[in-house]
Amino acid sequence: MAATARLNLLLRHLHPDLKASPTSAEVTSHSFPGKLRYILENPHLIPEQRQFYEENGFLLVKKLVSDENLETFREEFERICQKEVVVPGLTVMRDVVISKSEYVPDHQAVSKIQDFQNNEILFRYCCLPEILKYVECFTGPNIMAMHTMLINKPPDSGKKTSRHPLHQDLHYFPFRPAAQIVCAWTAMEKVDRNNGCLVVLPGTHKGSLKKHVYPDWPGGVNKMYHGIHDYDPSHPRLHLEMEKGDTVFFHPLLIHGSGTNQTRGFRKAISCHFASADCSYINVKGTSQENIEEEVLEIGKKKYNLDKDVSLADVWCFKSRLVQGERTNL
Ligand SMILES: O=C(O)CCC(=O)C(=O)O
């Protein structure tokens, strides 16, 4: 597809009020013949949305989650940071260099919490009918919530550690097929290039899983923030500027990351990776994912005294939750 036509399509998708130009309409009807590979045939999405996801690997839906729900999640996050609420199994991540906390004086900033499946209030996000309606378009009716995160990107110290390196989420997942996995990521406030919005490389979901390692950043890099070196640096990048409540659904092979937070506030987003319960676990031994398995199991051993026979798949099986339909496989 010509670069201008692609941009036209992207702009029209991100700003649905824009009128379709004859060029983009023509591109749409001629560029997507045949079967859909990345999305299921279903009545929830209009053909243009399905085609957009097929081509680009993401779909942005404006104002999907209410302010009221987002405020409830924000308040619960604050209670967790202040240790008023204890969540079994939760992973609290802190920035490598940023020491000033938002809520608790003299505490290191919380940059992310992961695995909140045992917190009833935050887990409500993964069960919202407005989210699941879209998720079903990728997973089908049997839906598992696999991975939950509330990301609290702190103001950058100048060392650029608040960046998230370009990566593919599938690197972390020992289950397949990739097309039946989707991430929902909701902005809890306005996100733009100033506070480090998501940046995506449209169309990269059509490629394969790449090798991920810690980037060699002079200012340091946060734990578990693996990145890819081997991507085409000339590939077009799109900064997803979003309003509060806007939600992007994206494919686990889509290369994405986020920039530095140059503001004084903490940029918040909530997300869940969903998968069809019909997916299967894989053994990642001997694959490019072996490094993440080792790291996860090492942490598991220290934190929970995990047995040496436990695999990455066992960890995911334990923490995942059914949110719709039947737990058929995962
Ligand atoms: O919210 C962000 O800054 C990026 C999050 C992300 O890509 C991830 O945690 O995998």
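Observations on the structure shown:
- Against the criterion of being touching a residue at least 60 places away in the same chain (Cβ under 8 Å), open to solvent by 30 Å² or more (accessible area, probe 1.4 Å), in the same structural domain as residue 267 (by TED's automatic domain parsing) and of a type outside the set (S, T, N, Q), residue 156 qualifies.
- Hey, residue 274 touching a strand residue (DSSP E or B) at 6+ places or on another chain (Cβ under 7 Å) and open to solvent by less than 10 Å² (accessible area, probe 1.4 Å) or not: yes
- Per the conditions (1) within 11 Å of the ligand (Cβ to nearest atom); (2) outside any loop (DSSP other than H, G, I, E, B); (3) in contact with a Phe, Trp or Tyr (Cβ under 9 Å, 6 or more places away or on another chain), the sole criterion not satisfied by residue 179 is (1).
- Residue in the stretch 300-309 that is within 19 Å of residue 171 (Cβ to Cβ) and at pLDDT 90 or above present: no
- Leading residue by the ranking (nearest to residue 272 (Cα to Cα)) among those in the stretch 227-249 that are small (Gly, Ala, Ser) and more than 15 Å from the ligand (Cβ to nearest atom): 245
- Total residues in the stretch 151-163, condition more than 17 Å from residue 272 (Cβ to Cβ) and either near the ligand (Cβ under 9 Å from one of its atoms) or under 14 Å from the mean Cα position of the chain (by Cα) (or both): 3
- Number of the condition not met by residue 235 [criteria: (1) part of a loop (DSSP other than H, G, I, E, B); (2) touching a His at 6+ places or on another chain (Cβ under 6 Å)]: (2)
- The one condition in (1) surrounded by fewer than 20 Cβ atoms within 10 Å (Cβ to Cβ); (2) farther than 29 Å from residue 127 by Cβ that residue 280 fails to fulfil: (2)
- Residue 288 vs. criteria of a type in the set (S, T, N, Q), open to solvent by less than 50 Å² (accessible area, probe 1.4 Å) and not in a strand (DSSP E or B): yes
- Residue ID - nearest to the ligand (Cβ to nearest atom), chosen from residues in the stretch 182-192 that are in a loop (DSSP other than H, G, I, E, B) and either closer than 17 Å to residue 238 by Cα or touching a helix residue (DSSP H, G or I) at 6+ places or on another chain (Cβ under 6 Å) (or both): 188
- The residue that is farthest from the ligand (Cβ to nearest atom), among those in the stretch 255-280 that are more than 30 Å from residue 75 (Cβ to Cβ) and in contact with a Leu (Cβ under 7 Å, 6 or more places away or on another chain), is 277.
- Cβ-Cβ under 8 Å pairs, at least 6 apart or on other chains, the stretch 253-276 side farther than 26 Å from residue 325 by Cβ, far side within 11 Å of the ligand (Cβ to nearest atom) and of a type in the set (Phe, Trp, Tyr): 256/250; 269/185
- So residue 231, is it without any contact (Cβ under 8 Å) to a residue 24 or more places away in the chain, in the same structural domain as residue 77 (by TED's automatic domain parsing) and more than 17 Å from the chain's Cα centre (by Cα): no
Matching residues to (1) away from the ligand (no atom under 14 Å from the Cβ); (2) out of contact with any His (no Cβ under 9 Å at 6 or more places or on another chain); (3) over 17 Å from residue 251 (Cα atoms):
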| residue | (1), (2), (3) |
| --- | --- |
| 194 | no, yes, yes |
| 204 | no, no, no |
| 208 | yes, yes, no |
| 213 | yes, no, yes |
| 219 | yes, yes, yes |
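- Any chance residue 224 is within 13 Å of the ligand (Cβ to nearest atom) and surrounded by fewer than 16 Cβ atoms within 10 Å (Cβ to Cβ): yes
- From the options 174, 202, residue that is closer than 22 Å to residue 279 by Cα and open to solvent by less than 10 Å² (accessible area, probe 1.4 Å): 174
- Criterion violated by residue 170 - all others in (1) within 22 Å of residue 281 (Cα to Cα); (2) within 10 Å of the ligand (Cβ to nearest atom); (3) among the aliphatic types (A, V, I, L, M) satisfied: (2)
The values are calculated or read from the model by the stated rules, or taken from the named source; none is laboratory data. Computed from a predicted model, the values in this text were never measured in an experiment. Neighbour counts are summed over all protein chains in view; Cβ atoms, including those assigned to glycine, are modelled from backbone coordinates with ideal geometry. These area figures cover heavy atoms from the full protein model, side chains too; ligands, DNA and RNA do not enter into them. Shrake-Rupley method; radii C 1.70, N 1.55, O 1.52, S 1.80 Å.
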